[in-house]
1. In square angstrom, what is the accessible area per residue of region 1-127 with a 1.4 angstrom probe?
2. In whole angstrom, note down how far apart the Cα centers of region 163-197 and region 9-83 are.
3. Step through the table entries 112/150; 73/189; 24/112; 36/147; 72/189; 73/174, compare each Cα-Cα distance with 29 Å, and write down the pairs that go over it.
4. Once you charge only the Cβ atoms, +1 for Lys and Arg and -1 for Asp and Glu, what is the size of the charge dipole of region 106-163 about its Cα centre, to the nearest 20 debye?
5. Would you please give the FRET efficiency between residue 11 and residue 99, computed as 1/(1 + (r/R0)^6) with r the Cβ-Cβ distance and R0 = 41 Å, to the nearest 0.05?
6. Test of understanding: what is the full-extension gain from residue 71 to residue 29, defined as 0.36 nm times their sequence separation minus their Cα-Cα distance?
7. Please get the size of the charge dipole for region 142-211, origin at its Cα centre, with Cβ charges of +1 on Lys and Arg and -1 on Asp and Glu, quoted in debye to the nearest 20.
8. Please give me the summed charge of the neighbours of residue 189: other residues whose Cβ is under 15 Å from its Cβ, Lys and Arg +1, Asp and Glu -1.
Amino acid sequence: MNFSNLTVVEHPLIKHKLTIMRNKKTGPKEFRELLKEITQLLTYEATRNLPTVNINIETPIQQTIGEMVEDKKITIVPILRAGLGMMDGILSLVPNASIGFLGIYRDPESLKPIEYYLKFPPFSENHYVFIVDPMLATGFSIRYAIKKVKEFGVKNIIVMSLLAAPEGVKNIEKDYPDVKIFTAALDEKLNDHAYIIPGLGDAGDRLFRTK
């Protein structure tokens, strides 16, 4: 199945770490560490096309021109609560990025997203916003997050997830074809309860040992 806006980051280390995360015997400490590590690998690919600015520097040998990312124009928006598990992985590579928080829960009947918290930093005209959530299942929550970010005039939006279901990717691509999605794996489908198959269960519960 091909999606024009989806990049599945194929890497042996990602496959290795993801296999451990899928295992139901993996505990929350290791689960959190692995999610951070995979997020770092995803971030490397998701930031590949970030613009850079030239700066004059002096090496021990001579003056030269280097390139730097304007990471103060990057904002990470983790979807609460599971998205928090990916935040530190991105910050380890772009430590000056700002953080915006969006709290959403899924109505158990309609599966539609319901917002309960929103706090965004100021956005500049050429800001890059990374919306992160480990599970891109139905896509309703992430689609809602994209809508809220776009209301602030942001044009450069990138979604990062650990796993994605075809239904969710299709849902986002239909309404927001300009938004790029980076994920570690495109799984088979959703089950009757909108859980990703084969998936790894509820990422939030496994991160925080809740039910």
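The values are calculated or read from the model by the stated rules, or taken from the named source; none is laboratory data. These figures come from a predicted structure and were not determined experimentally. In this analysis, Cβ positions are derived from the backbone assuming ideal geometry, glycine residues included, and neighbour counts consider all displayed protein chains. Ligands, DNA and RNA are excluded from the accessible area calculation, which covers all protein heavy atoms including side chains. Shrake-Rupley method; radii C 1.70, N 1.55, O 1.52, S 1.80 Å.
1. I get 63 Å² per residue for this part.
2. Answer, in whole Å: 21.
3. Exceeds cut-off: 73/189; 72/189.
4. 100 debye
5. After rounding, the FRET efficiency stands at 0.95.
6. Working: separation 42, 0.36 × 42 = 15.12 nm, distance 2.90 nm.
Contour length minus the Cα-Cα distance gives 12.2 nm.
7. 280 debye
8. -3
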